[in-house]
1. For the stretch 126-148, give me the residue count where each residue is farther than 23 Å from residue 243 by Cβ and either at pLDDT 90 or above or not assigned by TED's automatic domain parsing to the domain that holds residue 108 (or both).
2. Considering only the stretch 233-243, how many residues are surrounded by fewer than 23 Cβ atoms within 10 Å (Cβ to Cβ) and farther than 11 Å from residue 277 by Cα?
3. Can we say residue 218 is at pLDDT 95 or above, outside any helix (DSSP H, G or I), closer than 19 Å to residue 258 by Cβ and within 33 Å of the chain's Cα centre (by Cα)?
4. Of the residues that make up the stretch 288-309, is at least one in a helix (DSSP H, G or I) and among the hydroxyl-bearing types (Ser, Thr, Tyr)?
5. Can you name the residue in the stretch 289-310 that is at pLDDT 95 or above and not basic (Lys, Arg) and, of all such residues, is farthest from residue 147 (Cα to Cα)?
6. If you take the residues in the stretch 149-196 that are touching a residue at least 60 places away in the same chain (Cβ under 8 Å) and not in a helix (DSSP H, G or I), which one is surrounded by the fewest Cβ atoms within 10 Å (Cβ to Cβ)?
7. If I filter the stretch 224-244 for residues that are at pLDDT 95 or above and part of a helix (DSSP H, G or I), do I get at least one hit?
8. Could you tell me whether residue 125 is surrounded by fewer than 14 Cβ atoms within 10 Å (Cβ to Cβ) and either on the phi > 0 side of the Ramachandran plot or not in a helix (DSSP H, G or I) (or both)?
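The values are calculated or read from the model by the stated rules, or taken from the named source; none is laboratory data. Keep in mind that this is a model prediction, so the values were computed, not measured. Don't worry about glycine lacking a Cβ; one is built from the backbone with ideal geometry, like all the others, and counts go over all protein chains shown.
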Amino acid sequence: MLLKKFAPLLLTCLLFSAHSFAAEEVTSNQEQAPAESDLTTESTTELSTTETSSNEAASSDAESSTEKSNSTDPNNPLKKWPIPPSQDQLLGQDLTDLYLPEQTITLGQDPSFTVVVYHSENSPTLGTVIVQPQWASTPFSINKMQILRSLVRKGWHVITLMPQPALATTTEQEAQQKLLTDYLTFTAQRMAELKQLPELQVGFTLVVAEHDMAAIMLALYAQNLSPAPSGLILLNARSNTPAINKKMARDLTALSIPVLDVYQQNGPLHLDHSSELRAQRAKASGKYNYRQLALTSIFFNEQLGLEINGWTHHLGWQ
């Protein structure tokens with residue numbers, strides 16, 4: 001009886017509970033939906049960030065790889081080549097980065113001058129080669145390093161002077177002679193300063209004079225303004241003045257020391273004419289210890305050191 005009486009009430013309560021549970025479930029699902037959306041957004045953002053970082057890392061690696069390739073590939077136009085010597089370095093006024101500090105020695109006073117010393121790499125030491133490069137030019141070693149290496153390997157010390165200023169010129173003959181006399185005195189003083197170097201105390205002494213300095217050194221020794229070396233090497237001796245070329249030929253025959261006269265074959269006309277004058281004069285005077293040698297321009301620097309060593313061997317110096 002009671003069950004029948006309360007059956008409608010129980011049914012109503014069950015229906016109300018079911019409806020409330022369904023409503024709560026729908027509400028719960030609606031509340032959870034934004035969270036899932038947020039999770040999806042966050043995952044997408046993290047993935048995008050990861051991909052961006054990976055791309056940046058890959059780009060950085062690619063740039064690093066490209067820079068490394070540029071620095072090692074000699075054919076790549078982006079390669080950073082060494083800075084060439086400055087004008088002051090080429091003129092011998094700034095020796096920084098051109099030579100080791102222990103190679104350079106400053107001599108003399110008012111004005112002082114610099115020499116570069118290369119020591120013999122062979123024993124016994126044969127002596128010392130003094131190089132007088134062309135005036136107002138680049139240091140001898142910049143273009144003639146092959147010659148210096150050949151000499152030091154054979155047993156020679158090599159001392160190269162920095163190029164001295166060019167001889168001033170004037171149209172007045174007496175004034176020009178005064179300029180030449182002063183220049184010879186200036187050169188003789190520099191040669192005298194070299195005598196204090198210990199390398200010159202052993203063995204033979206060779207002097208190499210290049211271009212216009214060949215005429216200066218010939219006049220210096222012919223006039224006894226400086227003690228003559230054991231031998232003299234003329235390197236492309238020449239002058240633009242015909243009178244000076246003739247004087248070189250006369251001064252040559254006044255020397256008793258051996259002379260090796262080397263010039264580049266097929267060079268300028270005044271160079272060929274100057275060398276021909278010296279050869280004719282030496283032959284006419286009977287200078288038996290004079291030797292003239294013509295080398296082709298292509299192999300000049302490579303062969304000169306070998307020829308000098310061969311000549312000194314012929315003289316019995318080694």
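1. The total comes to 7.
2. Number of matching residues: 5.
3. So residue 218 fails the test.
4. Here is the first cut: in the stretch 288-309, the residues in a helix (DSSP H, G or I) are 300-309.
Those still in the list that are among the hydroxyl-bearing types (Ser, Thr, Tyr) too: none.
Scanning the stretch 288-309, I find no residue that is in a helix (DSSP H, G or I) and among the hydroxyl-bearing types (Ser, Thr, Tyr), so the answer is no.
5. 289
6. That would be 196.
7. no
8. Numbers: surrounded by fewer than 14 Cβ atoms within 10 Å (Cβ to Cβ): no; either on the phi > 0 side of the Ramachandran plot or not in a helix (DSSP H, G or I) (or both): yes.
The answer is no for residue 125.
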